[in-house]
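Visitor: This is the structure, below, for whatever I ask next.
The values are calculated or read from the model by the stated rules, or taken from the named source; none is laboratory data. What you see is a predicted model; the values in this text were computed from it and never measured. With ideal geometry, Cβ positions are generated from the backbone for all residues, glycine too; neighbour counts draw on all protein chains shown.
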Amino acid sequence: MDHFHFRDGVLHSEDVPLSAIAEAVGTPVYVYSRATLVRHAQVFRAGLAGLESPHIAFAVKANPNLAVLKVLAGEGFGADVVSGGELTRALAAGVDPAGVVFSGVGKTHAELVQGIEAGIGQFNLESEEEGYELSLIAERHGRRVPCALRVNPDVDARTHAKISTGMRENKFGVPLDRAAEIYAALADQPGLEMRGVAVHIGSQLTELAPLEMAFEKVGALIVELRQRGLSVTHADLGGGLGVPYRKGDEPPTPAEYGAMVARVTAGWEVRLTFEPGRVIAGNAGVLLTRVVRTKRSGNGPPFVIVDAAMNDLMRPAMYGAWHDFDAVTPSGERTTAHIVGPICETGDTFAMDRETDAMAAGDLAVFRTAGAYGATMASSYNSRGFVPEVLVDGDRFAVVADRIDPAAIMDAERIPEWL
Ligand SMILES: *Cc1c(COP(=O)(O)O)cnc(C)c1O
């Protein structure tokens, strides 16, 4: 459930008509609903009610906006970060360092140092090599840092290939059949406190079965580690729960997910961590855009050209993803159209042959479910700027990220004097 709804024929975010935001801030603009973020955070936590003190670390890459992170920190969430930049943001937003988990296959020396100096709660090691490097740095800092070993369970998450992370051929984690040996070797390192295992098999998962299969493999690994006399007090089950992008989609609910987790992890005797991203932020945001013009195309449906493009919302171009597209003030008339952006790439297409509200130049519309992997994936391709972000709270709203004009991006470029 989200707080984007029609009132008096106008699409609102909470109590704010989106037309008021477009007027004040211009388009395109991302609009997030605080009440929706809070609700999703609470529903996710409630789904885990059967577990003892689970730790929930929001996957910052899904939506790294400082205001969004602050809302979630206020709900007691930690942060799952995958870069030094995300760590800096999480701390700036008020996330407790002890609640930060640092994931990622390519943490640099500087990022490992940054994590140690910040006193983060857990490093998720993605290779044996990373463990040795982290141990040396930790020793130099006179520390022993808490770590989990990320395993690659080799299960097919049955999601889009570009967001599947738990198959043998994916770059993430260590192979399950070597995990015990690697864990044992790392547990001997003086700078590391090996305390558990981590798994994350992919994103936008619409079935629980692949997750359950992965968790069962993690459970078997925990037994094996303990049999070898190794200590395991924590397990990180990652994120990945899908969201409905299309009316009628019914991905598993947090309650169903939580019940499955409680069943599979009964008897593990560990503290569990979760790293949800999309399921918290996805339906808490829309990309508000304005129709530039419409264009006839031979005998086919017309093109509706909007002022948002693939650089602002990459998912359709990158994954062929579906985003519902609705007029902000629908007339009631329906039509079939191709929805495209202005960028000079055929891939800059949001939808082909989409049944949608009839729209004309100047009309406002939204791409729904754009709160996760939206603004965060933006680029300035075609020398377009970066879209601003707005957070709504009841009947008020604030710009929580400024629009960055193309000229400001150009200001960072130099022509050498010898040219
Ligand atoms: C991306 C990512 C997540 C979040 O995935 P969602 O599908 O957004 O829940 C969690 N953990 C790790 C390690 C990730 O890379």
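Visitor: When the residues of segment 38-62 are filtered to those that are assigned to a helix (DSSP H, G or I) and under 18 Å from residue 260 (Cβ atoms), which remaining residue is farthest from the ligand (Cβ to nearest atom)?
Guide: Looking at the filtered set, the residue picked out is 46.
Visitor: Looking at 291, 306, can you tell me which residue is outside the structural domain of residue 160 (by TED's automatic domain parsing) and buried (at least 24 other Cβ atoms within 10 Å of the Cβ)?
Guide: Of 291, 306, the one residue that is outside the structural domain of residue 160 (by TED's automatic domain parsing) and buried (at least 24 other Cβ atoms within 10 Å of the Cβ) is 306.
Visitor: Only residues in segment 296-320 that are among the hydroxyl-bearing types (Ser, Thr, Tyr) count as the first member; pair them with residues that are part of a loop (DSSP other than H, G, I, E, B) and surrounded by fewer than 17 Cβ atoms within 10 Å (Cβ to Cβ), Cβ under 9 angstrom, at least 6 apart or cross-chain, and list the lot.
Guide: 319/160
Visitor: Can you give me the number of residues within segment 291-328 that are in contact with a Gly (Cβ under 7 Å, 6 or more places away or on another chain) and closer than 24 Å to residue 34 by Cβ?
Guide: Number satisfying all stated conditions: 2.
Visitor: Can you tell me how many residues within segment 162-195 are modelled with pLDDT of 90 or more, within 15 Å of the ligand (Cβ to nearest atom) and out of contact with any strand residue (DSSP E or B) (no Cβ under 9 Å at 6 or more places or on another chain)?
Guide: Matching residues across segment 162-195 total 0.
Visitor: Can you list residue pairs whose Cβ atoms sit under 6 Å apart, with the first residue in segment 194-206 being in a loop (DSSP other than H, G, I, E, B) and the second being β-branched (Val, Ile, Thr) and at pLDDT 95 or above? Count only pairs 6 or more apart in sequence or on different chains.
Guide: Matching pairs, first to second residue: 199/151; 199/218.
Visitor: On to the next question. Name the residues in segment 283-326 that are within 30 Å of residue 260 (Cα to Cα) and touching a Lys or Arg at 6+ places or on another chain (Cβ under 9 Å), would you?
Guide: Scanning segment 283-326 gives 283, 284, 285, 319, 321, 322, 323, 324.
Visitor: Restricting to segment 267-283, give me the number of residues that are within 16 Å of the ligand (Cβ to nearest atom) and either within 12 Å of the chain's Cα centre (by Cα) or acidic (Asp, Glu) (or both).
Guide: 9
Visitor: Looking only at residues that are in a helix (DSSP H, G or I) and among the hydrophobic types (A, V, I, L, M, F, W, C) in segment 178-193, which one is nearest to residue 276 (Cα to Cα)?
Guide: By that ranking, first place goes to 179.
Visitor: Which count do you get for residues in segment 349-382 that are assigned to a loop (DSSP other than H, G, I, E, B) and either under 22 Å from the mean Cα position of the chain (by Cα) or not assigned by TED's automatic domain parsing to the domain that holds residue 401 (or both)?
Guide: Matching residues across segment 349-382 total 10.
Visitor: Looking at segment 108-117, can you tell me whether even one residue there is in the same structural domain as residue 224 (by TED's automatic domain parsing), touching a Phe, Trp or Tyr at 6+ places or on another chain (Cβ under 6 Å) and under 23 Å from residue 269 (Cβ atoms)?
Guide: Checking segment 108-117: not a single residue is in the same structural domain as residue 224 (by TED's automatic domain parsing), touching a Phe, Trp or Tyr at 6+ places or on another chain (Cβ under 6 Å) and under 23 Å from residue 269 (Cβ atoms).
Visitor: Filter segment 210-246 down to residues that are among the aliphatic types (A, V, I, L, M) and within 13 Å of the ligand (Cβ to nearest atom) and give me whichever is nearest to residue 150 (Cα to Cα).
Guide: This residue is 237.
Visitor: Given the condition crowded, with 21+ Cβ neighbours inside 10 Å, within 16 Å of the ligand (Cβ to nearest atom) and of a type outside the set (A, V, I, L, M), answer yes or no: does some residue in segment 325-337 qualify?
Guide: Within segment 325-337, not a single residue is crowded, with 21+ Cβ neighbours inside 10 Å, within 16 Å of the ligand (Cβ to nearest atom) and of a type outside the set (A, V, I, L, M).
Visitor: Counting only residues that are within 23 Å of residue 13 (Cβ to Cβ) and in contact (Cβ under 8 Å) with a residue 60 or more places away in the chain, how many does segment 35-58 have?
Guide: 8
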